[in-house]
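Enquirer: Dumping the structure here so I can ask a few things about it.
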Amino acid sequence: MHQWADVFTRKEYIDILLESIRFCQATKGLQVYAWVLMSNHIHMIVSTNKDSLSDIIRDFKKYISKKIFEAIKDNPRESRKSWLLWLLKKEDKIWFWKEGYHGEEIFSQEFFDTKLNYIHLNPVRAGLVEKEEEFLYSSCGEIYGVRKSLLELAV
């Protein structure tokens, strides 16, 4: 997230993000193995069996940028509207995400497990929950057998 703005503190913006991921899963072959959505960024372990992963991520980021910017602009209950709209605009362009795509290829089960633990512990490190499986906006609950994930997980 550009400037680390806490956009994902409102359910309506979270829903837009999750619906976009679901769309990519249904139409673009995105496979989600693990994820966690923090207030200002998302971590995912993903792959694809259809389109280029970098193309999917590029299109996803472009769509989310526009959609959430519009949602902020149109939200009468958004107390931070002026500040967020100012922050997310640069030279008449929406600047929602940080530049680039920071993907890392997972090459072993050990590396997968390291990344899985890292992303699932984000809410614990942030002091949001005591146990990683308690965090709703994460795949951890399903992986630990506590609850179904809000996103369909690849097996």
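The values are calculated or read from the model by the stated rules, or taken from the named source; none is laboratory data. Worth saying up front: this structure is predicted, and the values here are computed from it rather than measured. Counting neighbours? That spans all protein chains shown, and the Cβs are built from the backbone with ideal geometry, glycine included. The area values use the complete protein model at the heavy-atom level, side chains included, leaving out ligands, DNA and RNA. Shrake-Rupley method; radii C 1.70, N 1.55, O 1.52, S 1.80 Å.
Enquirer: Using a simple charge model, +1 on the beta-carbon of Lys and Arg, -1 on the beta-carbon of Asp and Glu, nothing else, what dipole does the range 16-155 show about its Cα centre, in debye to the nearest 20?
Expert: 660
Enquirer: With N set to the number of residues, divide the alpha-carbon radius of gyration of the range 96-155 by 2.2 N^0.38 Å and report two decimals.
Expert: Expressed relative to 2.2 N^0.38 Å, the Cα Rg reads 1.24.
Enquirer: Mind checking the angle between helix 109-120 and the chain's longest principal axis? C-alpha axes, 0 to 90 degrees, to the nearest 10.
Expert: 40
Enquirer: Rounded to the nearest 500, what is the 222 nm mean residue ellipticity of the chain from helices alone, with -39500 (n - 2.57) per DSSP H run of 4+ residues and division by all residues?
Expert: Computed ellipticity for the chain at 222 nm equals -13000 deg cm²/dmol.
Enquirer: For the chain, find the longest principal axis of its Cα atoms and tell me its angle to the long axis of helix 11-28, 0 to 90°, nearest 10.
Expert: Once rounded, the angle reads 60 degrees.
Enquirer: Also: With every protein chain kept in place and ligands, DNA and RNA left out, what is the accessible area per residue of the chain? Probe 1.4 Å, answer in Å².
Expert: It amounts to 59 Å² per residue over the chain.
Enquirer: Just list whichever of LYS89/LYS115; LYS11/LYS115; LYS62/LYS93; LYS62/LYS90; LYS66/LYS90; LYS62/LYS115 have alpha carbons separated by over 22 Å in the model shown.
Expert: Result: LYS89/LYS115; LYS11/LYS115; LYS62/LYS115 exceed 22 Å.
Enquirer: Could you work out the relative contact order of the chain, using alpha carbon pairs under 8 angstrom and six or more residues apart, expressed as a whole percent?
Expert: RCO, the chain: 27 percent.
Enquirer: Continuing with the same structure: Hey, what did the range 66-155 get for relative contact order, percent, Cα under 8 Å, at least 6 apart?
Expert: 12
Enquirer: How much net charge surrounds ARG77 when only other residues with a Cβ under 14 Å from its Cβ are counted (Lys, Arg +1; Asp, Glu -1)?
Expert: Within the 14 Å Cβ shell, the charges total +2.
Enquirer: For the chain, which whole percent of the accessible surface, found with a 1.4 angstrom probe, sits on carbon and sulfur atoms?
Expert: Roughly 52 percent, rounded to a whole number.
Enquirer: Separate question: Which three extents, in angstrom, do the Cα atoms of the range 1-122 have along their principal axes, listed largest first?
Expert: 46, 30, 25
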